[in-house]
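Trainee: Pasting a structure here, questions to come.
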Amino acid sequence: MKNKEARNRRQAFLHNDDNVSKMDSSLHSELAMTLKPKSDKDGNMHSIQLHDGRSCTYQIRESIRARRIRLRLSSREGMVVIIPKGMSTRKDDLEVLIRNKSSWISRHLNRFRSREHSHPSPEMPKLPEFLDFQSIREQWFITYATSPEENDSLVRIRETGPKTLHMTNGLAHPTASVVALQQWVRQRAGRLLPSWLNQISDELALPFSKVTIRNQRSRWGSCTRGKNISLNCKLLFLPRQWTRYVLIHELCHTRIMNHGPEFWTLVRRYEPQAKQIREAMRLAWQELPAWLTTAARNN
Ligand SMILES: [Zn+2]
């Protein structure tokens, strides 16, 4: 019974895979791939030779959650073949699977390799493992994985749990990942900073017209004559008191536009530490994570 079920699932997978990999099937005859178990201390490392002659190792792992056989590639673990727990698998089946996905594997391995060999540059900052929003006392953890689907290289980010983000295809596309992360931070700031500004505005009886959240490169905030305030989403990464000071500073501009002595007297009435905070904030830009301050463009 169990075996039959496993066989059905296996066939379902292979059938499925035929649909997905139609373009690859013509390549089968050209691919000189061999699957040979490699002796390893846990006996779970295998080696396969790809059609470009490159030898690639992979692990086989059982998963309770997996409903079908899947391939997973990551820069940390390399290739992992995930098999539903209890499913009996034949080496031939795995060979078919890997053969069908060979162009996808090759493409991702090339990306990982070029990442390893490239030097860090402003265009390719290190991607973060967590976001530390000191201002609002929130920490978000980020996990990364490559999509198991053929032809899916779209970078996307989603919330997968409390304070947990998951990024798909991020490691292979650092620039697009940085853009996605910056957009997400801006979105998060958009949900939190306006209500905080409203609250302080009410507290201090300094009304404003409108608030916009941006990702400016050199300003924490600004205020127009029309009392429109704009705030930098990077404020989330600063200590709470500093961000509060910026909100107070911009709200004080609704009454006094310049930075004259009267303005500072007003600011200090609401934040006595204003001078010290302002001084400390001069260095704050340098301490922000590189992926946040890079001017990434997604082409
Ligand atoms: Zn100002």
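Every read-out reported here was derived from the displayed coordinates using simple, explicitly stated rules and does not represent laboratory data. Being a predicted model, the structure only gives us computed values, none of them experimental. Here the Cβ positions follow ideal geometry from the backbone for every residue, glycine too, while neighbour counts run over all protein chains shown.
Trainee: Taking the Cα centre of each part, how many Å lie between region 128-156 and region 195-240?
Mentor: 27
Trainee: Separate question: Hey, can you grab everything whose amide H is under 5 Å from the amide H of GLU138? Only 5+ residues off in sequence or another chain; H modelled, so Pro and N-termini drop out.
Mentor: It is PHE133, by chain and number.
Trainee: Grab the beta carbon distance between ALA290 and SER88, set R0 = 41 Å, and tell me the FRET efficiency rounded to 0.05. Mind showing how you got there, number by number?
Mentor: Working: r = 48 Å, r/R0 = 1.17.
Working from the Cβ atoms, E equals 0.30.
Trainee: Grab the beta carbon distance between ARG269 and ASN228, set R0 = 25 Å, and tell me the FRET efficiency rounded to 0.05. Intermediate values should be presented prior to the final figure.
Mentor: Details: r = 23 Å, r/R0 = 0.93.
So the FRET efficiency works out to roughly 0.60.
Trainee: Still on this model: Checking the table LYS85/LYS126; LYS126/LYS234; LYS163/LYS234; LYS227/LYS275 against a 29 Å threshold on Cα-Cα, which pairs fail?
Mentor: Values: LYS85/LYS126 35 Å; LYS126/LYS234 17 Å; LYS163/LYS234 18 Å; LYS227/LYS275 24 Å.
Going by Cα-Cα distance, LYS85/LYS126 fall outside the 29 Å limit.
Trainee: Restricting the count to DSSP beta bridges whose residues both fall in region 130-293, what percent are antiparallel, rounded to a multiple of 5?
Mentor: Numbers: 12 of 22 bridges.
Among the beta bridges of region 130-293, antiparallel pairing accounts for roughly 55 percent.
Trainee: What nm distance separates the two modelled labels at SER106 and THR164, each placed 7 Å from Cα along Cα→Cβ?
Mentor: Those two pseudo-labels are separated by 3.6 nm.
Trainee: Now, a different point. With θ taken as phi - 60° and the coefficients 6.51, -1.76 and 1.60, list the Karplus ³J(HN,Hα) couplings across region 189-198 in order, rounded to whole Hz; mark glycine and proline as x.
Mentor: Those phi angles translate into 4, x, 7, 10, 5, x, 5, 5, 4, 4 Hz.
Trainee: From the backbone phi of region 80-91, what are the Karplus-calculated ³J(HN,Hα) couplings (6.51 cos²θ - 1.76 cosθ + 1.60, θ = phi - 60°) in whole Hz, Gly and Pro given as x?
Mentor: 10, 9, 9, 10, x, 4, x, 7, 7, 10, 9, 4
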